[in-house]
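The values are calculated or read from the model by the stated rules, or taken from the named source; none is laboratory data. Computed from a predicted structure; not experimentally measured. Positions of Cβ are backbone-derived with ideal geometry, glycine not excepted, and every protein chain shown enters the neighbour counts.
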Amino acid sequence: MTHARLILGEQEYEFPTFQGTEDEVAVDMTKLRGKSGAITYDPGYANTGSCKSAITYIDGEKGILRYRGYPIEELAQHAMFSAVAYLLIYGELPDEKQFLVWREELTRQSLVHESMLKFFDHFPPTAHPMNILGSMISSMSSFYPYDAEDEEKINLNIMRLLGQVKTIAAFSYKKSVGQPFIYPRANYSYAANFLRMMFATPQEEYVVPPILENAVNMLLIIHADHEQNCSTSTVRMVGSSRANLYACVSAGVNALWGPLHGGANQAVVEMLERIHRDGANYKKYIEMAKDKDSGFRLMGFGHRVYKNFDPRAKLLKKAADEVLGVLGRTDPLLDIAKHLEEVALSDDFFIERKLYPNVDFYSGLIYRAIGIPTEMFTVLFAIGRMPGWIAHWCEMRNDEDNKIHRPRQIYVGMNERHMTGLPPHTEPAQIPKNTPKLAQVSV
Ligand code: CMC
């Protein structure tokens, strides 16, 4: 197939097509408006390829996810998160020497600028850690400005971002519980360093249990990239204006925070807690999810791309059982989650719409077992997604097809009209005393 034909009214137009390495077909519509004056309408971009990318491949029908060609199952079970970060950003897994240098460099860059530590004092105690993370990353561009053409500096800032994100995350937790910061250590893995910074105190060392280190390592890998999702597209959108790395990634953090995206892991556990408080009556909530008027959705269910199963959810369900088993704990929320999954998967509403548990359905239960507070769940997602955001930002910078992102719209507002009467053109010097409040004016 080399061309696609579009008939619009009396006119026929031809557009070139091309294929990806996994044989996906794309119709190149870049000349559509120029040729015909029409545009495509695709809210949510469900059918729109915004770029060519060599980072991550997903086949949503078959439940396949691969980073740079490697199946997620292999990486999640056998790789270290920092090696996967290297793979995503530079295209290949590091050899032993490269890995040691990379790991050392990430640790070296993991200290937060001393002046930035003062910021933590000025957030209200109720501040959400995602907000703190986004703000801190945004402010890194003031502390570490770089020349957009200086590849060496860009590389250094990539390592700073990867190294510091876990430190900022752990420090925001320490601040929220009123404990002193614990600094990262060179001889710890990425996951173990994060856990130690969260749970050690100056009085008591935290010996990181291997089962928890492995679980966090796997969780970070599973979240590391997911091609053109909402937050990654945000990073690319902001980056298309040539904004700096920190500005783009902090925008990604804020996009991730929403409950339909990364915020779903927090929303899942809150939903399970709600069901638990309601006598574990999960069937009632299945019915509510099916009733469009209820405004209730089964959080952690459904995905724009996966229409068979989410391979990440499969790995996490197994991991949740293992972690709780080794810790010798039970969690009533895990039982409710399994019941919900079982009932939903045999219910026509969910079957017809191809709604399956997604990555967020079981991840929160593992975080809970580790002792991570609910508000930190999405922060963990952000730490994991960092290499993906960076990889896409780098790929976009070097992509000669990249243009500033500037979608079109179909205007559906008023046609041209004109002002009548004598509206006030000028502001009065002083607002008259009896001016009605906005709430009293009916529009
Ligand atoms: N519970 C009940 N009904 C649902 C759900 C759900 N979780 N998800 C989708 N539906 C229904 C929806 O009402 C619609 O029904 P109908 O065709 O009758 O109008 C149909 O399924 C298609 O839904 P959609 O909202 O058009 O699908 P989408 O591709 O735009 O949205 C989604 C995908 C993930 C936002 C959505 O499934 C959802 O809101 N899920 C719950 C939130 C969630 O778990 N988000 C995490 C996503 S995975 C992590 C990540 O990568 O961000």
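Just a few scattered comments:
Yes or no, residue by residue, for (1) within 19 Å of Ala247 (Cα to Cα); (2) in contact with a His (Cβ under 7 Å, 6 or more places away or on another chain); (3) surrounded by fewer than 16 Cβ atoms within 10 Å (Cβ to Cβ):
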{"position": "Pro129", "(1), (2), (3)": "yes, no, no"}
{"position": "Gly134", "(1), (2), (3)": "yes, no, no"}
{"position": "Ile137", "(1), (2), (3)": "yes, no, no"}
{"position": "Glu151", "(1), (2), (3)": "yes, no, yes"}
{"position": "Val177", "(1), (2), (3)": "no, no, yes"}
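- Matching entry among Asp331, Asp360 (being surrounded by 20 or more Cβ atoms within 10 Å (Cβ to Cβ), under 28 Å from Val216 (Cβ atoms) and acidic (Asp, Glu)): Asp360
- Failed condition for Leu355, given (1) within 11 Å of the ligand (Cβ to nearest atom); (2) surrounded by fewer than 21 Cβ atoms within 10 Å (Cβ to Cβ); (3) closer than 30 Å to Cys248 by Cβ: (3)
- Selection of segment 230-272 for residues being more than 16 Å from the ligand (Cβ to nearest atom) and among the charged types (D, E, K, R) yields only Arg242.
- Of the residues making up segment 271-318, those that are exposed (fewer than 15 other Cβ atoms within 10 Å of the Cβ) and under 23 Å from Cys230 (Cα atoms) are Gly295, Arg304, Asn308.
- For Gln266, the conditions (1) in contact (Cβ under 8 Å) with a residue 40 or more places away in the chain; (2) within 14 Å of the chain's Cα centre (by Cα); (3) surrounded by fewer than 23 Cβ atoms within 10 Å (Cβ to Cβ) all hold with the exception of (3).
- Leu93 meets each of the listed conditions (1) farther than 22 Å from Ser53 by Cα; (2) assigned to a loop (DSSP other than H, G, I, E, B) apart from (1).
- Qualifying residue in segment 60-75 (condition: surrounded by fewer than 12 Cβ atoms within 10 Å (Cβ to Cβ) and hydroxyl-bearing (Ser, Thr, Tyr)): no
- Residue, farthest from Ala127 (Cα to Cα), within segment 158-199, restricted to residues that are among the β-branched types (Val, Ile, Thr) and not in a helix (DSSP H, G or I): Ile182
- Residues in segment 324-334 that are in contact (Cβ under 8 Å) with a residue 40 or more places away in the chain and closer than 19 Å to Glu273 by Cβ were compared, and the one that is nearest to the ligand (Cβ to nearest atom) is Leu333.
- Among all positions in segment 60-73, there is at least one residue which is assigned by TED's automatic domain parsing to the domain that holds Gly388, outside any helix (DSSP H, G or I) and either in contact with a Cys (Cβ under 8 Å, 6 or more places away or on another chain) or of a type in the set (Ser, Thr, Tyr) (or both).
- Looking across segment 273-320, the residues that are more than 28 Å from Leu65 (Cα to Cα), within 25 Å of the chain's Cα centre (by Cα), more than 9 Å from the ligand (Cβ to nearest atom) and free of Cβ contacts under 8 Å to residues at least 12 places away in the same chain come down to Arg274, Gly295.
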